[in-house]
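The values are calculated or read from the model by the stated rules, or taken from the named source; none is laboratory data. Remember, it's a predicted structure, so these values are computed and weren't measured experimentally. Neighbour counts run over all protein chains shown; Cβ positions are idealised from the backbone, glycine included.
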Amino acid sequence: MRNFFLISLIFILISSCSNYDNPQEMIEKTMNSFYKSLNKRDFETMKLYVSPRMQQKVSYFKNIGDELVVYKSFKVRNIELNGNLAVVELECVDEFDNKIICNWNLVKVDDEWKIDVFDFSSTESLN
């Protein structure tokens, strides 16, 4: 019985660690959580997914409030990793059916991927 418990514990630890070893999955989770929070206007939760440098932008979003666009869909198209930095290409469709591609810069902070900077120069409309 003791060996079964020990083997079960080791299996659980190994399987839970493997989820965090895949940077693409972690980054996609960060982006999805950020956009879901944005759509709900849950600015406190949004702060969990951004770097300290991006915290001020979340406060700006909060000031805009209901004027912010709601996104009907958002999906990661591409992720470029470079150590603790990543560039995410995201395809979004807003409530007005505008389809855009934008790039977000992410940084790994305390083993979590955080949104760091939105690259406005890379925004492209697909309509």
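One table, with the values for the structure above:
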| item | result |
| --- | --- |
| Of the criteria (1) crowded, with 16+ Cβ neighbours inside 10 Å; (2) outside any strand (DSSP E or B); (3) modelled with pLDDT of 90 or more, which one ASN32 fails | (1) |
| The range 61-80 residues that are without any contact (Cβ under 8 Å) to a residue 12 or more places away in the chain, paired with ones that are loosely packed, with under 13 Cβ neighbours inside 10 Å and assigned to a loop (DSSP other than H, G, I, E, B) (beta carbon under 9 Å, 6 or more apart) | none |
| Test: residue in the range 51-68 that is surrounded by 12 or more Cβ atoms within 10 Å (Cβ to Cβ), modelled with pLDDT under 90 and part of a loop (DSSP other than H, G, I, E, B) | yes |
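Okay, residues lined up against (1) touching a helix residue (DSSP H, G or I) at 6+ places or on another chain (Cβ under 9 Å); (2) outside any strand (DSSP E or B); (3) aliphatic (A, V, I, L, M):
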{"site": "PHE74", "(1), (2), (3)": "yes, no, no"}
{"site": "GLU89", "(1), (2), (3)": "no, no, no"}
{"site": "TRP104", "(1), (2), (3)": "yes, no, no"}
{"site": "VAL107", "(1), (2), (3)": "yes, no, yes"}
{"site": "TRP113", "(1), (2), (3)": "yes, no, no"}
{"site": "ASN127", "(1), (2), (3)": "no, yes, no"}
